[in-house]
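Below is one structure, written out as structure tokens, with a few remarks after it.
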Amino acid sequence: MRLPCPLCGERDSGEFVYRGDATVVRPDPGAPGARGAFHEFVHLRDNPAGWHKEHWYHEGGCRSWIVVERNTLTHEVRGAVTAAAHTLARSAGGAKAEQEPEA
Amino acid sequence: MSARFPHRLVKGGLIDRSETLSFSFDGARYQGFRGDTLASALVANGVKLVGRSFKYHRPRGILTAGSEEPNALVEIGQGARRDPNTRATTVELYEGLVAKSQNRFPSLAFDLQAVNDLFSPFLGAGFYYKTFMWPAAFWEKVYEPVIRRAAGLGSLSGKADPDAYEKATAHCDLLVIGAGPAGLQAALVAARAGARVVLADEDFRAGGRLNCERMEVATLPAAEWAAKVVDELRETGNVRILSRTTVFGVYDGGTYGALEHVNDHHAVIPDHAPRQRLWRIVAKRAILASGGSERPIAFGGNDRPGVMLASAVRTYANRFAALAGQSTIVFTCNDNGWLTARDLIAAGAEVGAVLDTRGADEVAHLREMVGDAPVFTRARVTSTSGRKGLKAVTFLNANGKQVTLSADCLAVSGGWNPVVNLTCHRRGSPVWNDRIAGFVPGSDTPKGLLVAGAANGIFSTHGALVQGTELAGEALADLGFKAPSVGVPDAEDAPYAISPIWHVAEPKGKGGGRAWLDFQNDVTVKDVEIAHQEGFRSVEHMKRYTTLGMATDQGKTANVPALAVMAKLTGRSIAETGTTIFRPPYTPVAIAAFAGRNAGKGFAPYRLTPSHDWSKEQGAVFVEAGLWLRPQWYPRAGEHSWRDSADREVISTRRSVGVSDVSSLGKIDVQGDDAAEFLDRIYTNTMSTLAVGRVRYGLMLREDGHVMDDGTVARLGEKHFLVTTTTVNAGHVMAHLDYCHQVHWPELDVSMVSVTDQFAQFAIAGPNSRKVLEKLVDKGTKGDGRSGDLSNEAFPFMACGPVTVCGGVPARLYRISFSGELAYELSVGARYGDSMMRAIMEAGREFDIVPYGLEALNVMRIEKGHPVGSELNGQTSAADLGLARMVSAKKDCIGKAMANRTGMIDPERQVLVGFKPVAHDEELTAGAHFIGIGREAVTANDEGHMTSACYSPSLGYAIGLGLIRRGNERHGEKVRAVDLVRGRDVEVEICSPHFIDPQGERLRG
């Protein structure tokens, strides 16, 4: 499989380490219900058959954590953004956060 | 025909008669020529019997001339280089080749286990499941060993593979798979367009069927045209031609796996050259031109040596000038089989008869091809005879009359299958095509892969050339290349006419014996019928029950005929019956090729500490610690065991001074405006309050609340920290820090980098450590704040800062202690590591300094109760390790929320305490379980386990650390440490884990 690192370009998946679901967000520990939220954040994952956003670490390259949009049925990869850009876009506002990653 | 090679034609063929090659098969010496395969050389020497079958030990001969061969599996090479299950049809002949037949005892001609064949009624489909069921205990002890000895193919040498394998990656615009007419033409078009092309072909000579047929392309003999195209491709400079290379798999994103047999055709592989090379080819587009594969017809005795595919007989005659038989009968259901008769006659060989299953009208136009050879229409072969090789063929003629003709070769053509395997590797399904009576690629082929020529059901040479041209143009246009106009050369364009027959049903009373479908796994038509009778209706079930298609050839010649037989049984069409799934690899790939250079020590190369050479000079004994090779102890004359050395190293260090290379600890440099804030969020304790020039012990949790790692955090500047990790977690912690920063808090201004390899670091421990360092650290200030004053006041416990050593070498000094003694860690650039170690030893000589290894280091940390990997085992919390006070209540950090879960703060949890034997002469062992006195040593009574244990030379008895339920409340209580593995049961007393200097006076001194 080939992954499009936003910094290095398209690279073989062997350069990357897979982590998993990139749609979960670390909860605010001070917010009410934080305990339940952390339980979900740490333990509960959806397992979609189809398009999914995943964290990959370009450990054999630029050390970027990236958010890859991959189809779990076909292994088709639609695009990737750095996790940092993804997080910053999400915190900048709800609408922006839902934008599709760019290749 | 020459007398020396009775089966070799005196002229013709693509062999070099000027280069004779001698080889051996089962000990007998033979000769062949350059350009032969092992199979063609055996054919040319009249060798018919080449192996015994898997289950029934039936005599078997060569069936094909290519990689689909099910029968002719041999062992190639000797000693450690012995390679079993190699297809003789793909082995390029070389001088001195040694080949042996397989699965026979005591010899190929006389095989004792051929008796299995007599018991075949009991060994049919599913026999494993039926015959060997009772009693259950017999399976492992009796049945399995017997079956394993009787069945099977070649055997491994049992020795380490002496050859090198390597991996390579190639990128290209267009990958062309197969160098037959379609592939060559496609490569030519792409090459002329200036595209980057990789052309891979499994043969050692490009051309595919062009090398095997008597025909012309562009008015040249076909093989000559192929050679001319290859020459042009070579000259363009943008085509990489990979011959002897099988593309075995299609993977995601246009990635193709290929195996290149770089040196398999040499008796002795040149030094430093690989035997095989595993290619990962990344192609923007690919053209699959894998050609077709002829299929056999099932009839009684169709596995007898001498029964061969018609195309193979033709290949041996045309390409290798080798005659498979002195008298050949052709049995065909399509026009293509007639070419074999035509070519044999042209070569001057005898054709006994042409048997066609079709009617006279359908074959009328073909008769002129075979001159006056007898032709039988509506003929069906029912049986063959001959003990170890074919002697006669019996068939039913158009009138249903049984006729027997003598022959030593029967050339069979059941029609052609497109080789669609690669189109299915991404779960595509081939579709049935009635015109050719075969499966062609479906619409769901892998993205970017186009299929040309016979692989796509186009069986004429002209058709293949046209499609190769067109599809190359299509791929080039997609990629933005301007396709040049390349003419399609003239070539034969014969229509393909077939009236498929899969199985000659045995006429009643004229039974000709078993009809074989899968030659390699010994599966007959009857086995498929039994599977059907017993309710196995799906092809996948039939496959697994009969094992059809599950041998090393993956049923290349067997699958389609078996599907047809099954379709007939179920009353469905072949299209409805469907196929089983093709998966990579197309042909077997040795595990060694997948490993490449990552074998042996190359799998996990050692990392060496900067003072490794010095330690080696001292005669140190080394141990693997993660990837690192670290000194375990430094033996001295008169010491008899590791304990002698380790005890001395501990005592000398605690009494005076010792030094140890601790460079393998992970080191991460963290800088930025928000570096302190970032570390606060990572570590349980607060780092932002740390003063510049101070060090703090730090603990980090996983997000689930368990301890991840520990280490030290040194504040080198307001915005500059250096954190250390345990040796084994160095990479993991780096990834974790990157994750937390980039995913959770990218808004923080912080940057970090691993500097583990950049610094050599030495622990200098013991009451005299300051004195040693005072000799090394440069005195006096240079206005940069480096006073070089190491007094307790100027440089107290947990101080850190820059110094220079040995007259100006920049260094960092940390006053931290793992041993519990007054101690420092001195770090210099890695290139100074070796000389630094020598300088420390020289400076410490007057104090009898000793180097200490991992054993002594471990003893001293157990004496101090410091947890390491066996305590930080992924299941312990900070509180479990007695480190609850390190979790700051004032701030959040990774893992803090989950560390407060009910189960994590359960007072019944096992916590870390110390243990000492009640009888001081007893030994303790790590892994022992704690059981109450007087209770049975069973899981229900298990209270915890010993995580670390050693003999403490400082105390004079064994001590241990362990996790035990409610341990903190139980100091003074006695339990048993039961080690059932080592047969020990020792009464121990629970105590504080801090055995030495619990108040820490020494390290502050």
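Screening segment B:875-976 for strands (runs of 3 or more DSSP E) wholly inside it with 3 or more residues that are over 18 Å from B:R861 (Cα atoms) returns the ranges B:929-931, B:942-952.
With respect to the conditions (1) buried (at least 17 other Cβ atoms within 10 Å of the Cβ); (2) part of a loop (DSSP other than H, G, I, E, B); (3) modelled with pLDDT of 90 or more; (4) not hydrophobic (A, V, I, L, M, F, W, C), B:K482 lacks only one, and its number is (1).
One residue is enough: does segment B:440-453 have a residue meeting the conditions closer than 30 Å to B:G124 by Cα, in a loop (DSSP other than H, G, I, E, B) and not charged (D, E, K, R)? No.
Which pairs do you get when a residue that is within 13 Å of chain A (Cβ to nearest Cβ) and farther than 18 Å from B:G874 by Cα, found in segment B:718-745, comes within reach of a residue that is of a type in the set (D, E, K, R) and open to solvent by 10 Å² or more (accessible area, probe 1.4 Å), reach meaning Cβ atoms under 6 angstrom, with the pair 6+ apart or on two chains? Between residues of segment B:718-745 that are within 13 Å of chain A (Cβ to nearest Cβ) and farther than 18 Å from B:G874 by Cα and residues that are of a type in the set (D, E, K, R) and open to solvent by 10 Å² or more (accessible area, probe 1.4 Å), the close pairs are B:D738/A:R63; B:H744/A:R26.
Put simply, of B:D834, B:D749, B:D789, B:D757 the only residue that is among the charged types (D, E, K, R) and part of a helix (DSSP H, G or I) is B:D834. The residues in segment B:625-662 that are under 39 Å from the mean Cα position of the chain (by Cα), over 19 Å from B:I849 (Cα atoms) and in a loop (DSSP other than H, G, I, E, B) can be counted, and the count is 2. Give me the residue from segment B:199-222 that is over 16 Å from B:A182 (Cβ atoms) and in contact (Cβ under 8 Å) with a residue 60 or more places away in the chain and, out of that set, surrounded by the fewest Cβ atoms within 10 Å (Cβ to Cβ). Among those that are over 16 Å from B:A182 (Cβ atoms) and in contact (Cβ under 8 Å) with a residue 60 or more places away in the chain, it is B:T219.
Looking at segment B:6-40 only, could you name the residues that are out of contact with any helix residue (DSSP H, G or I) (no Cβ under 9 Å at 6 or more places or on another chain) and outside any loop (DSSP other than H, G, I, E, B)? Within segment B:6-40, B:D16, B:R17, B:S18, B:E19, B:T20, B:S22, B:S24, B:A28, B:R29, B:R34 meet the criteria.
Yes/no matrix, rows are residues, columns are (1) at pLDDT 95 or above; (2) under 27 Å from the mean Cα position of the chain (by Cα); (3) open to solvent by less than 50 Å² (accessible area, probe 1.4 Å); (4) of a type outside the set (A, V, I, L, M, F, W, C):
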{"position": "B:G600", "(1), (2), (3), (4)": "no, yes, no, yes"}
{"position": "B:F603", "(1), (2), (3), (4)": "no, yes, no, no"}
{"position": "B:H612", "(1), (2), (3), (4)": "yes, no, yes, yes"}
{"position": "B:E617", "(1), (2), (3), (4)": "yes, no, no, yes"}
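In this entry, B:P810 is excluded by the filter for residues that are closer than 26 Å to B:R861 by Cα and open to solvent by 50 Å² or more (accessible area, probe 1.4 Å). Taken together, the criteria place B:N238 among residues that are over 30 Å from B:V504 (Cβ atoms) and open to solvent by 10 Å² or more (accessible area, probe 1.4 Å). Criterion first (modelled with pLDDT of 95 or more, in a helix (DSSP H, G or I) and within 19 Å of B:E649 (Cα to Cα)) does B:E846 satisfy it? So B:E846 fits the description; yes.
Of the residues making up segment B:62-88, those that are surrounded by fewer than 24 Cβ atoms within 10 Å (Cβ to Cβ) and among the polar types (S, T, N, Q) are B:S67, B:Q78, B:N85, B:T86.
Scanning segment B:90-103 for residues that are free of Cβ contacts under 8 Å to residues at least 60 places away in the same chain and either open to solvent by less than 20 Å² (accessible area, probe 1.4 Å) or within 23 Å of B:T20 (Cβ to Cβ) (or both) yields one hit, B:Q102. Checking each residue of segment B:870-883 against the condition of being within 13 Å of chain A (Cβ to nearest Cβ) and touching a helix residue (DSSP H, G or I) at 6+ places or on another chain (Cβ under 9 Å) gives no match. Taking the residues in segment B:867-914 that are open to solvent by 60 Å² or more (accessible area, probe 1.4 Å) and without any contact (Cβ under 8 Å) to a residue 40 or more places away in the chain as candidates, determine which candidate is nearest to B:T726 (Cα to Cα). Taking the candidates together, the pick is B:R885. State yes or no: is B:D343 surrounded by fewer than 23 Cβ atoms within 10 Å (Cβ to Cβ), modelled with pLDDT under 95, farther than 30 Å from B:K55 by Cβ and of a type in the set (D, E, K, R)? Answer is no for this residue. Counting only residues that are in contact with a helix residue (DSSP H, G or I) (Cβ under 9 Å, 6 or more places away or on another chain), under 12 Å from B:A411 (Cα atoms) and either open to solvent by 10 Å² or more (accessible area, probe 1.4 Å) or not in a strand (DSSP E or B) (or both), segment B:288-307 holds 3 of them. Every test in (1) touching a Gly at 6+ places or on another chain (Cβ under 9 Å); (2) crowded, with 19+ Cβ neighbours inside 10 Å; (3) at pLDDT 95 or above; (4) not β-branched (V, I, T) is passed by B:E989 save one, and that test is (2). B:S791 falls short of the stated requirement of being within 24 Å of B:H612 (Cα to Cα), among the hydroxyl-bearing types (S, T, Y) and either open to solvent by 20 Å² or more (accessible area, probe 1.4 Å) or within 14 Å of chain A (Cβ to nearest Cβ) (or both).
Among the residues of segment B:44-61, which ones are open to solvent by 10 Å² or more (accessible area, probe 1.4 Å) and out of contact with any Lys or Arg (no Cβ under 6 Å at 6 or more places or on another chain)? Answer for segment B:44-61, where residues must be open to solvent by 10 Å² or more (accessible area, probe 1.4 Å) and out of contact with any Lys or Arg (no Cβ under 6 Å at 6 or more places or on another chain): B:N45, B:G46, B:V47, B:K48, B:F54, B:K55, B:R58. The set of residues from segment B:667-678 being assigned to a strand (DSSP E or B) and either in contact with a His (Cβ under 9 Å, 6 or more places away or on another chain) or over 23 Å from B:P746 (Cβ atoms) (or both) comprises B:K667, B:D669, B:V670, B:Q671. In the set B:G927, B:G956, B:G895, only one residue is at positive phi and within 14 Å of another protein chain (Cβ to nearest Cβ); that residue is B:G895.
Per this entry, B:R275 is counted among residues that are open to solvent by 20 Å² or more (accessible area, probe 1.4 Å), more than 24 Å from B:E492 (Cβ to Cβ) and not polar (S, T, N, Q). For residues that are within 22 Å of B:V91 (Cβ to Cβ) and of a type in the set (G, A, S), scanning just segment B:250-291, find the one that is farthest from the other protein chains (Cβ to nearest Cβ). Among residues in segment B:250-291 that are within 22 Å of B:V91 (Cβ to Cβ) and of a type in the set (G, A, S), the one farthest from the other protein chains (Cβ to nearest Cβ) is B:A267. Selection within segment A:51-66: residues that are over 20 Å from B:V733 (Cα atoms) and of a type outside the set (D, E, K, R). The member of this set that is surrounded by the most Cβ atoms within 10 Å (Cβ to Cβ) is A:H52.
The values are calculated or read from the model by the stated rules, or taken from the named source; none is laboratory data. These numbers were taken from a predicted model, which means no experiment stands behind them. Here Cβ is always computed from backbone atoms with ideal geometry, including for glycine, and neighbour counts include all displayed protein chains. Note: accessible area is taken over every heavy atom of the protein model, side chains too, but ligands, DNA and RNA are not part of it. Shrake-Rupley method; radii C 1.70, N 1.55, O 1.52, S 1.80 Å.
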